[in-house]
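In what follows, a structure is listed as structure tokens, so that the remarks can point back to it.
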Amino acid sequence: MADTALADAHSKLERLKQNLGTVIQGKPHCLDILIIALLANGSVLMEDVPGVGKTTLAKALARSVNLTFHRIQFTPDLLPADILGSSIYNPHDGTFHFRNGPIFCHVLLADEINRASPRTQSALLEAMGESQATIEGERHALPVPFFVLATQNPVEFHGTYPLPEAQLDRFLILLDLGYPDPETEVSILYSQQEEHPLEHLQPVLGGDELLALQREVHHVRVEPTVARYLVEIINETRKDPRLKLGVSPRGSLMLFRAAQAAAFSKGRNYVLPDDIQELATYVLAHRVILTSQAKYGGITKPEIITDVLRRVHVPT
């Protein structure tokens with residue numbers, strides 16, 4: 001990709017970040033990670049306490065890229081058909097007509113996904129993996145691009161169901177927004193004193209432009225030494241005695257694509273080991289399973305991934 005084209009792409013992504021920053025204040029790094037996931041065409045799972053802006057961030061993203069947006073509030077009584085859609089009987093002509101569910105959009109916010117049963121959570125599996133939904137034996141293609149931004153409350157909250165491992169593995173990134181610092185929170189109070197800044201948000205990127213950027217990400221160069229470095233990190237998680245389950249090959253592929261997207265977002269057409277190190281915790285931590293001893297010993301998954309990064313030799 002020519003330098004001028006890279007610079008143009010970088011300029012578009014900076015405009016997108018600035019646009020999102022008018023609504024989500026004080027979280028520039030989280031916005032960087034979200035844009036990387038968008039470029040890599042991967043879904044994002046945000047685990048955090050209620051009220052820190054997860055829903056607002058999803059709405060802001062859809063408006064900024066001029067995409068269709070639907071929100072599903074997950075509850076214990078939600079059924080797969082409520083997400084995918086179903087056939088409706090027409091008494092006038094005696095036929096059934098399929099009615100699309102809310103999954104048929106560009107940006108889907110799956111709010112509090114871990115409040116629904118595992119059966120309903122799994123209704124998203126095929127959509128997230130293949131951008132299609134099989135309903136009553138028929139395959140239905142989803143709009144392109146298709147991006148899932150799911151939120152979940154911390155698993156110790158009452159009335160939550162942990163996401164199955166297969167579902168977690170479909171998410172490219174696990175993101176934690178966290179609380180804003182006091183100064184930023186004061187600024188948020190005044191920014192919403194009269195009306196929400198989301199009401200004035202305008203698109204800065206078109207859907208076709210986003211698709212073009214996603215295609216360019218595939219052409220970002222990854223040297224064999226960098227690819228081997230990535231695989232060594234993955235293999236180290238499979239050998240770590242504190243982990244009952246290491247990272248799957250899907251995790252390798254997703255870290256590879258996320259690193260390409262990270263390099264592209266910074267205006268480079270090649271991946272550095274720094275890109276892999278920056279994203280490893282976000283991409284890998286939710287894919288591993290701790291042993292019982294490690295879990296009750298107080299160690300966390302991100303700490304293990306960070307420890308793995310320290311052990312693996314970095315190529316020069």
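The values are calculated or read from the model by the stated rules, or taken from the named source; none is laboratory data. Given the structure is predicted, the values throughout are model-derived calculations rather than measurements. When we count neighbours, we look across all protein chains shown, and the Cβ atoms used for this are built from the backbone with ideal geometry, even at glycine.
Data table
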| quantity | calculated |
| --- | --- |
| From Tyr296, Tyr229, Tyr282, residue being farther than 30 Å from Pro162 by Cβ and among the hydroxyl-bearing types (Ser, Thr, Tyr) | Tyr229 |
| Unique residue being exposed (fewer than 12 other Cβ atoms within 10 Å of the Cβ) and in a helix (DSSP H, G or I) when the list is Leu213, Leu189, Leu230 | Leu189 |
| Residue selected from the stretch 233-255 under the condition of a type outside the set (A, V, I, L, M) and not in a helix (DSSP H, G or I), by the criterion farthest from the chain's Cα centre (by Cα) | Pro241 |
| Residue ranges of helices (runs of 4 or more DSSP H) in the stretch 64-133 with at least 3 members touching a residue at least 60 places away in the same chain (Cβ under 8 Å) | none |
| Exclusive hit being free of Cβ contacts under 8 Å to residues at least 40 places away in the same chain and either of a type in the set (Gly, Ala, Ser) or part of a helix (DSSP H, G or I) (or both), set Thr225, Thr281 | Thr281 |
| Subset of the stretch 235-245 [over 15 Å from Val312 (Cα atoms) and surrounded by fewer than 19 Cβ atoms within 10 Å (Cβ to Cβ)] | Pro241, Arg242, Lys244, Leu245 |
| Residue in the stretch 183-193 that is in contact with an Asp or Glu (Cβ under 7 Å, 6 or more places away or on another chain) and either touching a residue at least 12 places away in the same chain (Cβ under 8 Å) or hydroxyl-bearing (Ser, Thr, Tyr) (or both) present | no |
| Residues that are under 23 Å from the mean Cα position of the chain (by Cα) and part of a helix (DSSP H, G or I), drawn from the stretch 160-186 | Glu165, Ala166, Gln167, Leu168 |
| Failed criterion for Glu223 (all others in (1) more than 22 Å from Asp169 (Cβ to Cβ); (2) modelled with pLDDT under 90 hold) | (2) |
| Qualifying residue in the stretch 259-273 (condition: surrounded by fewer than 18 Cβ atoms within 10 Å (Cβ to Cβ), part of a helix (DSSP H, G or I) and not basic (Lys, Arg)) | no |
| Complete set of residues in the stretch 81-111 that are among the charged types (D, E, K, R) and in contact with a Ser or Thr (Cβ under 6 Å, 6 or more places away or on another chain) | Asp111 |
